[in-house]
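Worksheet: one structure, shown below.
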Amino acid sequence: MTAKLDPFAAAPSLMKNWMGTSVAVASSLEPTLIELVKIRASQINGCANCINMHTVEARAKGETEQRIYLLSAWREAPCYSERERAALGWTEVLTRLSEGHAHESAYQALKAQFTEEEQVKLTLMINVINGWNRLAVGFGLWVDPAAAKAAQAAA
């Protein structure tokens, strides 16, 4: 895939700020939970770049192959905690807002597992990954995970 443009070159200051926000939000909850959320939103949005990047990151943070492979069927898989299920349900309803507003049961599950502060942190993370998915899909981005890690460390 050839990128249509490089957003980091086109708007360096904003992209640096976006990257900083992304890193700050991603470090606000458990690392593997964050990666599961990133992968699930990216699956829904069809973002190959982000699926590739975040499965690599999830493995590096200790996530198992089984849980990564079963993520698209998390409701039927017994290997996720109630907290992870609440996060994944919340991820799905926020990522699929255009499909309707029946999110009350997902919110109740979220509320049972996350403090109010954590609910905000998770919701921000879902917003961030959805934003990255739109940048990557919209501009045809493909970033090698090692290169992304180096860029993140430099930012």
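Rounded to the nearest 500, the helix-only mean residue ellipticity at 222 nm of the chain stands at -22000 deg cm²/dmol, with each DSSP H run of n ≥ 4 adding -39,500 (n - 2.57). Entry comment: accessible area of the chain is 54 Å² per residue, from protein heavy atoms only and a probe of 1.4 Å. When the inverse distances between all different Cα atoms of the chain are averaged and flipped, the Kirkwood radius reads 16.0 angstrom. Most tightly packed first, judged by the mean number of other beta-carbon atoms within 10 Å of their residues, the peptides 79-92, 8-21, 129-142 read 79-92, 129-142, 8-21.
In terms of Cα to Cα distance under 28 Å, which lysines are near enough to residue 121, apart from those fewer than 8 places away along the same chain? Excluding near neighbours in sequence, the set is 16, 38, 61, 111, 149. For the range 108-155, the equivalent ellipsoid built from the Cα gyration tensor has semi-axes of 29, 14, 8 Å, listed from largest to smallest.
Within the listed set 70, 29, 97, the residue fluctuating most in the Gaussian network model of the chain (springs between alpha-carbon atoms under 10 angstrom) is 97. Surface composition of the chain: carbon plus sulfur atoms hold 59% of the accessible area, using a 1.4 angstrom probe and ignoring ligands, DNA and RNA.
Taking the Cα centroid of the range 2-27 and of the range 128-155, what is the distance between the two, rounded to the nearest whole Å? Computed from Cα coordinates, the inter-centre distance equals 7 Å.
The values are calculated or read from the model by the stated rules, or taken from the named source; none is laboratory data. Because the structure is predicted, anything quoted here is derived from the model rather than measured. Because the Cβ atoms are built from the backbone with ideal geometry, glycine has one as well, and the counts that use them run over all protein chains shown. The protein model used for the area step is the full one, side chains on, heavy atoms only, and it has no ligands, DNA or RNA in it. Shrake-Rupley method; radii C 1.70, N 1.55, O 1.52, S 1.80 Å.
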